[in-house]
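The values are calculated or read from the model by the stated rules, or taken from the named source; none is laboratory data. Keep in mind the model is a prediction, meaning the values are calculated, not measured. In this analysis, Cβ positions are derived from the backbone assuming ideal geometry, glycine residues included, and neighbour counts consider all displayed protein chains.
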Amino acid sequence: MLHYLFYLYLLTTTFLTTLIETIKIDHAGHQNDPHAQVREVLAYDKAFKAVIDFADSTEVETIIVSTSDHETGGASVALQVGESYPEYLWKPDVLLNATKSGEYVTRKLASYKASSKKDLYQFIKTEILEKDLGIHDYTEQDVLNIVAPGANPHNILNKLVSDRALIGWSTHGHSAVDVNIYGYSNTENGKSLLYKYLGGNRENTEIGRFWEAITGSDYNKITGLLEGTVHHTVSAQSLDGDAATELLGGFNEHDTLDPEYATFKAQVAEFGEHVEQLS
Ligand SMILES: *[C@@H]1O[C@H](CO)[C@@H](O)[C@H](O)[C@H]1NC(C)=O
């Protein structure tokens, strides 16, 4: 992809800008899924490294900014479990042991057609907790909680991992926690621009203003052109009725409009009904 970008650059005479997003960092935050989130962050690190390597390999002045528009989930390490004063630690090994995301295992659980409750409990223990999440110290009650009437298995499975890793969450939404800004350039000029415009504590609008300053573009004008543009990744056929209006209304689009998410929720609800019928 980066070779392609460079080629595009050569075809243009002024500036080429590109945006790379790892969207599941945010989704995993919404879901309070620590093991999916950390793997997404590691994948993002690799992408960032590839972009830095690209900058170092070209003579063309390249400026890189890495940041987020907000934190999601209010994740924090050093969770206090119980009344006693906490130990000052967290356990990344627990996250390494979990090899499938909470969403993946919940889909797997919801699509399992158990022949009996006993069969279902066994499936949860060996296939989900042990094999996919790497949890071996679960209790019988943990298994019962996952399939209790009205339970949200997705949240429970993620919490089993979070608690063991000593990771706490404060919300399923966005938080007001400050996010980092990382900058890199292959020129001294680029580095000093980054330092001048983005060093220290900044409002997130200043990141847009930075690009405006270095590219000589007019962000108010560009914002005007973008207003009303539907920018979420949804299939065209789901954009009927009031969907477009709703899309712009908040993060609930994951639940209400993303076709996959709707299917996911329906699948989990059906699974609940299936469990109640098991003997
Ligand atoms: C990780 O999984 C292994 C077995 O595969 C287990 O022995 C170990 O205790 C687990 N580690 C943690 C931190 O859960």
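Observations, loosely collected:
- Residue match in region 98-105 (condition: surrounded by fewer than 17 Cβ atoms within 10 Å (Cβ to Cβ) and under 16 Å from E40 (Cα atoms)): yes
- Verdict on D119 being in the same structural domain as N97 (by TED's automatic domain parsing), within 16 Å of the ligand (Cβ to nearest atom) and of a type in the set (D, E): no
- Region 130-142 residues that are part of a loop (DSSP other than H, G, I, E, B), paired with ones that are near the ligand (Cβ under 7 Å from one of its atoms) (beta carbon under 6 Å, 6 or more apart): G134/N97
- Restricting region 65-116 to residues that are part of a loop (DSSP other than H, G, I, E, B) and more than 20 Å from W169 (Cα to Cα), the residue that is farthest from the ligand (Cβ to nearest atom): T67
- Taken over region 122-142, the criterion of being over 14 Å from V105 (Cα atoms), surrounded by 13 or more Cβ atoms within 10 Å (Cβ to Cβ) and either of a type in the set (A, V, I, L, M) or away from the ligand (no atom under 15 Å from the Cβ) (or both) is satisfied by Q122 alone.
- Restricting region 143-188 to residues that are within 16 Å of the ligand (Cβ to nearest atom) and not aliphatic (A, V, I, L, M) leaves a set whose member that is nearest to Q31 (Cα to Cα) is N158.
- All conditions but one from (1) within 26 Å of the chain's Cα centre (by Cα); (2) part of a helix (DSSP H, G or I) apply to L120; the one that does not is (1).
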